[in-house]
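Written below as structure tokens is the structure these notes are about.
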Amino acid sequence: MKRKKRIPILRALQEAGARVGLRMVIFRTAPVKECDMNHKKYMRAAIKSAYEGIAEKEGGPFGACIVHKGKVIAIAHNTVLRDNDPTCHAEINGIRAACQILKTPFLRGCTVYSTTEPCPMCFSAIHWAQCKNIVYGTAIEDVARLGFNELSIHNDTLIAMGRSPILIAAKNVLMPECQNLLLAWRKSNLKTY
């Protein structure tokens, strides 16, 4: 049987995981639509950034990728520990970078890919930046179990309560890879906040 050639981003993810002592588990899946493949591509970029943040001991196991019309605008990870700033979540760092790059405080039409469901602070920033969609990997409860001080308010609830036009385009995207990221964090012995 002929072995498929692995894509470069997957190799980069494996190398990033190996730097923090994690062996990646590769799951074989059924064929997916192009839209799903794009979700996975951008989520892998967020995951890779999160691994880099863990390796550098900059913050929690969180990454974000902001995309507009199929083009990556910004990729960021959590830097709470590096910056001694509780607002330096991956989504916030990504929004800041994207706004600087696009020279506007509004990210209309953008999709935010986040390795974990955005917390209420990040969701609010995504709303205020007028992003269109959110795609995430793991749920808030997954990181709360690691000891992070999370408010268990789901994005669906925030959308309903605030009548936000943001759409949750996809949940649980690459969930096993995002869960591996959380395991890498646990092995890193970095502090939770």
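The values are calculated or read from the model by the stated rules, or taken from the named source; none is laboratory data. Here the structure is a predicted model, which is why all the values come from computation and not from measurement. Cβ sites come from the backbone with ideal geometry, for glycine too, and all protein chains shown count toward neighbours. The accessibility values were calculated without ligands, DNA or RNA, using every heavy atom of the protein model including side chains. Shrake-Rupley method; radii C 1.70, N 1.55, O 1.52, S 1.80 Å.
Structure notes:
- Of all residues in segment 140-169 being open to solvent by less than 20 Å² (accessible area, probe 1.4 Å) and not in a helix (DSSP H, G or I), the one that is nearest to CYS119 (Cα to Cα): PHE148
- Qualifying positions in segment 170-193 - open to solvent by 50 Å² or more (accessible area, probe 1.4 Å) and aromatic (Phe, Trp, Tyr): TYR193
- Elements of type helices (runs of 4 or more DSSP H) in segment 1-85, at least 1 residues being at pLDDT below 60 and more than 29 Å from ASN149 (Cβ to Cβ): 8-19, 34-55
- Just so you know, in segment 121-139 the residues that are open to solvent by less than 60 Å² (accessible area, probe 1.4 Å) and touching a Phe, Trp or Tyr at 6+ places or on another chain (Cβ under 7 Å) include one that is nearest to TYR42 (Cα to Cα), and it is VAL135.
- Output for segment 94-126, where each listed residue is within 20 Å of VAL173 (Cβ to Cβ) and assigned to a helix (DSSP H, G or I): GLY94, ILE95, ALA98, CYS122, PHE123, ILE126
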